[in-house]
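Taken together, the values in this text are just the output of simple stated rules run on the coordinates, not laboratory data. Source: prediction; values computed, not measured. Don't worry about glycine lacking a Cβ; one is built from the backbone with ideal geometry, like all the others, and counts go over all protein chains shown.
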Amino acid sequence: MESAPIETYSDLIAALRAHVRDIDCTLETVDTVAGFTSRYSSKLIGPNPIRNMSAFTLLNLCGALGLRLTLSRDDQRLELLRKRSQWAEPQRNGPQYRLREPQPPDSP
């Protein structure tokens, strides 16, 4: 399976469906290995999907298919975020809304 960027939910479904074809596996087998109820995979990634996946379901499905999710940095989009962040930061009063490492409490 060749890696390709996934930009939309439809891209994700298409990539998962292509992987199932590549490994020549039935969706019934995927259901069993993933611990899904019968025919649940076909509702998620079949020709006419009728259900959306939660993060938990996606991780179970990927594990059953022998896939691992990885994140990669998109420098162009990161630059857009940085520009927006610099523009918005002076507008806020009070604590900064940033994710930071937790600080140990001050000792008396």
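Annotation for residue 71 and residue 106: the two label points, set 7 Å from Cα along the Cα-Cβ direction, are 3.2 nm apart.
Couplings for the stretch 2-11, taken from phi via the Karplus curve 6.51 cos²θ - 1.76 cosθ + 1.60 with θ = phi - 60°, read 8, 7, 8, x, 10, 9, 9, 4, 4, 4 Hz in order; Gly and Pro are left as x. For residue 48, the shell of other residues with beta-carbons less than 14 Å away shows a net charge of +4, using +1 for Lys and Arg and -1 for Asp and Glu.
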